[in-house]
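Q: Before anything else, here's the structure in question.
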Amino acid sequence: MKIRITFLFLLVGISAFSQKTTDSIQFKKRVLESTEVDFLLSYYNQDGSKSAVSGGLGSEQLTDIASNVVVSMPINDNDVLTVDLGISAYSSASSSNINPFNATGASGGGDDDDDRKSNNKTMAAASEPYGTPWQASSGASKSDQLTAITVNYAHSSDSRNFIWNADVSFSNEYDYTSIGFGGGIAQLFNDKNSEISLKVNAYLDKWQPIYPTELHEYSKNGPDFLNQGFFNGVSVLNQNGQATVDYLPSTFQTVSAVNRNSYSASFGFSQVVSKKLQFSVFFDVLKQQGLLSTPYHRIYFADKDNYYIGQPEYIANYENESNTGVYKLADDIERLPNSRFKLPIGGRLNYYINERFVLRTYYRYYSDNWDIQSHTANVELPFKISDRFTIFPMYRFYTQTQSKYYAPYETHLSTEKYYTSDADLSSFDANQYGFGINYTDIFTGAKIWKLGLKNIDFRFNHYQRSDNLTANIATIGFKFILQ
């Protein structure tokens with residue numbers, strides 16, 4: 001998880017006094033006067049019809065609740081230590097279909113090892129399993145938790161014109177672990193009206209690959225897998241709904257490398273042009289290496305026959321939400337190159353209109369060597385309705401071209417080297433509309449124990465993509481000062 005921490009640097013205060021000599025003593029103000037504690041909570045839900053787990057078709061329903069506690073502590077006049085601890089939990093119809101057959105309990109207690117357990121009953125006596133890409137199964141992959149921690153140490157020079165920082169991070173979820181480290185420097189000049197900065201980060205990640213049920217069984221039991229494990233006693237159907245033993249996903253092989261390493265460098269320049277106008281520009285260089293595809297994303301080839309598990313009467317309507325009883329077996333998993341180079345370039349411009357309004361704008365251009373190009377434009381118009389309350393409408397527009405490795409559901413060919421049906425790599429436009437409310441009390445009048453409430457920030461956004469993916473995002477944050 002990449003978390004950016006912004007520090008407020010205060011001007012140096014100087015006072016002098018004399019007794020019977022002309023000596024003077026210089027005082028400097030601390031970078032951070034008191035410990036600050038931020039409590040952040042977010043809620044996210046989405047739905048769509050192009051699930052990558054089901055090969056580019058099916059429910060994308062997902063709900064995620066995340067919380068963060070950020071504690072910034074002054075170590076001395078010049079140094080600040082910040083610790084960010086985050087926990088999130090999600091429930092997803094899409095990822096539950098890594099093993100879609102848990103809907104009937106046929107895969108044995110809902111675990112993703114996919115070993116059917118008869119509980120002293122013969123498999124012939126058990127009911128046939130079934131699933132559907134349009135509904136969630138009850139497998140273990142239906143939900144997951146992410147835990148992440150980032151520790152950042154920042155040092156400011158006595159003049160407050162030079163700052164360096166270093167950070168380390170760790171995150172873990174069911175099938176993915178990440179370790180990160182990095183640092184940055186910033187130089188202020190021109191009476192602190194100009195700033196140039198450099199940040200570098202590295203993330204060393206490791207997958208614990210999870211494969212779709214049918215491909216997992218093939219890798220475990222070999223070409224005779226239809227008579228063993230999960231498939232023992234289960235009918236595989238062809239396109240006509242007839243039982244067959246011809247299903248053989250011979251294209252599939254387990255991944256040999258499970259690491260994913262990401263490296264980034266970010267360069268920035270900001271300038272205070274006048275009392276009303278500020279701008280900043282940036283460009284990043286990012287390189288990823290390793291396993292960049294997702295092992296549980298299915299692929300269906302146009303030049304391969306179709307095979308199913310479930311109730312044959314639903315095969316004809318497989319691509320419609322009316323299909324509630326059959327699931328198509330994969331030909332392979334998503335395959336992508338083991339390297340990716342990304343180059344985002346952008347800028348911000350903020351203009352103080354009057355004591356009530358401020359205009360905030362943002363633009364970013366992005367390109368990578370997978371042939372994706374995108375444009376992002378964002379605008380906010382904060383309106384100060386009182387000394388303590390500010391409201392701000394927000395709008396964001398995004399558009400991108402598709403990756404050269406993308407093709408929709410069941411249109412890739414088995415002769416291709418790389419393939420994905422993940423709609424996030426397709427061509428689409430997106431609009432995001434939202435608003436926010438901010439409450440600030442510089443005197444921290446409200447208190448909880450020894451914490452004085454300084455700020456409350458609430459935001460809500462609705463996201464709409466041209467491929468019918470929709471989402472709602474709500475966040476609220478509380479900033480306290482330890483007194």
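Rundown of residues vs (1) assigned to a strand (DSSP E or B); (2) surrounded by fewer than 17 Cβ atoms within 10 Å (Cβ to Cβ); (3) at pLDDT 70 or above, yes/no style:
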position: V80; (1), (2), (3): yes, no, yes
position: D114; (1), (2), (3): no, no, no
position: N119; (1), (2), (3): no, yes, no
position: Q135; (1), (2), (3): no, no, yes
position: N152; (1), (2), (3): yes, no, yes
position: D167; (1), (2), (3): yes, no, yes
position: S171; (1), (2), (3): yes, no, yes
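Q: If you scan region 256-287, which residues turn out to be free of Cβ contacts under 8 Å to residues at least 60 places away in the same chain and either touching a helix residue (DSSP H, G or I) at 6+ places or on another chain (Cβ under 7 Å) or under 25 Å from G180 (Cβ atoms) (or both)? I'd like the intermediate steps shown before the answer.
A: Taking region 256-287 as the starting set, the residues that turn out to be free of Cβ contacts under 8 Å to residues at least 60 places away in the same chain are 256, 258-261, 273-274, 285-287.
Of everything in region 256-287, those that are free of Cβ contacts under 8 Å to residues at least 60 places away in the same chain and either touching a helix residue (DSSP H, G or I) at 6+ places or on another chain (Cβ under 7 Å) or under 25 Å from G180 (Cβ atoms) (or both) turn out to be S256, V258, N259, R260, N261, V285, L286, K287.
Q: Let me ask something additional. Given the conditions (1) in contact with a helix residue (DSSP H, G or I) (Cβ under 8 Å, 6 or more places away or on another chain); (2) over 19 Å from I299 (Cβ atoms); (3) free of Cβ contacts under 8 Å to residues at least 40 places away in the same chain, report the number of the one that S403 does not fulfil.
A: With (1) in contact with a helix residue (DSSP H, G or I) (Cβ under 8 Å, 6 or more places away or on another chain); (2) over 19 Å from I299 (Cβ atoms); (3) free of Cβ contacts under 8 Å to residues at least 40 places away in the same chain applied to S403, the lone miss is (2).
Q: Only residues that are out of contact with any helix residue (DSSP H, G or I) (no Cβ under 6 Å at 6 or more places or on another chain) and open to solvent by 20 Å² or more (accessible area, probe 1.4 Å): list them for region 38-55, please.
A: Result: D38, F39, L40, L41, S42, Y43, Y44, N45, Q46, D47, S49.
Q: Could you say which residue among Y439, Y398, Y433 is open to solvent by 60 Å² or more (accessible area, probe 1.4 Å), in a strand (DSSP E or B) and of a type in the set (S, T, Y)?
A: After applying the criteria, what remains is Y433.
Q: Does region 211-234 contain at least one residue that is assigned to a strand (DSSP E or B) and either of a type in the set (G, A, S) or over 23 Å from V69 (Cα atoms) (or both)?
A: No: region 211-234 contains no residue that is assigned to a strand (DSSP E or B) and either of a type in the set (G, A, S) or over 23 Å from V69 (Cα atoms) (or both).
Q: While we're here: What number of residues within region 28-71 satisfy the criterion of being under 15 Å from G86 (Cβ atoms) and not aromatic (F, W, Y)?
A: Total meeting the criteria: 13.
Q: Shifting gears a bit: Provide a single number: the residues in region 310-343 that are of a type in the set (G, A, S), open to solvent by 20 Å² or more (accessible area, probe 1.4 Å) and assigned to a strand (DSSP E or B).
A: Residues of region 310-343 of a type in the set (G, A, S): 310, 316, 322, 325, 330, 339.
Among the residues that remain, those that are also open to solvent by 20 Å² or more (accessible area, probe 1.4 Å) are: 316, 322, 339.
Pick out the ones that are also assigned to a strand (DSSP E or B) and you get 339.
The qualifying residues number 1.
Yes/no matrix, rows are residues, columns are (1) in a loop (DSSP other than H, G, I, E, B); (2) over 20 Å from the mean Cα position of the chain (by Cα); (3) not small (G, A, S):
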position: D246; (1), (2), (3): yes, yes, yes
position: S250; (1), (2), (3): yes, yes, no
position: T254; (1), (2), (3): yes, yes, yes
position: A257; (1), (2), (3): yes, yes, no
position: F267; (1), (2), (3): no, yes, yes
position: S280; (1), (2), (3): no, yes, no
position: S293; (1), (2), (3): yes, no, no
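Q: What are the pairs with Cβ atoms under 9 angstrom where one residue, in region 195-223, is open to solvent by 50 Å² or more (accessible area, probe 1.4 Å) and the other, located anywhere, is among the basic types (K, R) and at pLDDT below 95? Sequence gap at least six, or different chains.
A: Taking only residues 6 or more apart or on different chains, the pairs are K199/R4.
Q: Inside region 64-74, can you point out the residues that are farther than 18 Å from V168 by Cα and open to solvent by 40 Å² or more (accessible area, probe 1.4 Å)?
A: If the condition is that a residue be farther than 18 Å from V168 by Cα and open to solvent by 40 Å² or more (accessible area, probe 1.4 Å), then I65, S67 are the ones that fit.
Q: Another question about this same structure. The conditions are (1) within 24 Å of S266 (Cα to Cα); (2) within 21 Å of the chain's Cα centre (by Cα), and T361 fails exactly one of them. Which is it?
A: (2)
Q: Now for a different question. Just to be sure I understand the filter: pairs with C-beta atoms under 6 Å, separated by 6 or more residues or on different chains, first member in region 442-459 and open to solvent by 40 Å² or more (accessible area, probe 1.4 Å), second member not in a strand (DSSP E or B). Which pairs pass?
A: Sorted first by the residue in region 442-459, then by its partner, the pairs are K450/Q483; K454/T444.
Q: If you don't mind, there's one more thing I want to ask. Could you list all residues from region 155-210 that are aromatic (F, W, Y) and out of contact with any Pro (no Cβ under 8 Å at 6 or more places or on another chain)?
A: Selection gives F162, W164, F170, Y174, Y176, F181, F189, Y203.
Q: For the structure I just gave you, tell me whether T470 is open to solvent by less than 60 Å² (accessible area, probe 1.4 Å) and under 30 Å from D332 (Cβ atoms).
A: Working: open to solvent by less than 60 Å² (accessible area, probe 1.4 Å): yes; under 30 Å from D332 (Cβ atoms): yes.
So T470 passes the test.
Q: Give V379, V358 a once-over and let me know the one that is among the hydrophobic types (A, V, I, L, M, F, W, C), open to solvent by less than 70 Å² (accessible area, probe 1.4 Å), part of a strand (DSSP E or B) and touching a Pro at 6+ places or on another chain (Cβ under 8 Å).
A: That would be V358, the only listed residue that is among the hydrophobic types (A, V, I, L, M, F, W, C), open to solvent by less than 70 Å² (accessible area, probe 1.4 Å), part of a strand (DSSP E or B) and touching a Pro at 6+ places or on another chain (Cβ under 8 Å).
Q: Within region 173-191, track down each residue that is open to solvent by less than 20 Å² (accessible area, probe 1.4 Å), within 18 Å of L146 (Cα to Cα) and assigned to a strand (DSSP E or B).
A: Selection gives S178, G180.
Q: Tell me, please, whether a residue that is loosely packed, with under 14 Cβ neighbours inside 10 Å and hydroxyl-bearing (S, T, Y) can be found in region 288-307. Explain how you work it out, then say what you get.
A: Taking region 288-307 and keeping what is loosely packed, with under 14 Cβ neighbours inside 10 Å, we get 302-303, 305.
Checking the rest, the ones that are also hydroxyl-bearing (S, T, Y) come to none.
Taking every residue of region 288-307 in turn, none turns out to be loosely packed, with under 14 Cβ neighbours inside 10 Å and hydroxyl-bearing (S, T, Y).
Q: Going through V12, V53, V31, V69 one at a time, which residue ends up being in a strand (DSSP E or B) and either β-branched (V, I, T) or at pLDDT below 95 (or both)?
A: On the way: V12 fails: in a strand (DSSP E or B); V53 fails: in a strand (DSSP E or B); V31 fails: in a strand (DSSP E or B).
V69 is the lone residue from the list that is in a strand (DSSP E or B) and either β-branched (V, I, T) or at pLDDT below 95 (or both).
Q: Just to be sure before I move on: is E416 part of a loop (DSSP other than H, G, I, E, B), within 27 Å of S339 (Cβ to Cβ) and open to solvent by less than 70 Å² (accessible area, probe 1.4 Å) in the structure I sent?
A: On the way: part of a loop (DSSP other than H, G, I, E, B): yes; within 27 Å of S339 (Cβ to Cβ): yes; open to solvent by less than 70 Å² (accessible area, probe 1.4 Å): yes.
Answer is yes for this residue.
Q: Condition first: assigned to a loop (DSSP other than H, G, I, E, B) and not hydroxyl-bearing (S, T, Y). Can you find one or more residues in region 200-209 that meet it?
A: Yes - at least one qualifying residue is present in region 200-209.
The values are calculated or read from the model by the stated rules, or taken from the named source; none is laboratory data. Everything numeric in this text was worked out from a predicted model, so none of it was measured. Every residue, glycine as well, gets a Cβ built from its backbone with ideal geometry; the counts of neighbours run over all protein chains shown. When the accessible area is computed, the model is the full protein with side chains, heavy atoms only, and any ligands, DNA or RNA have been set aside. Shrake-Rupley method; radii C 1.70, N 1.55, O 1.52, S 1.80 Å.
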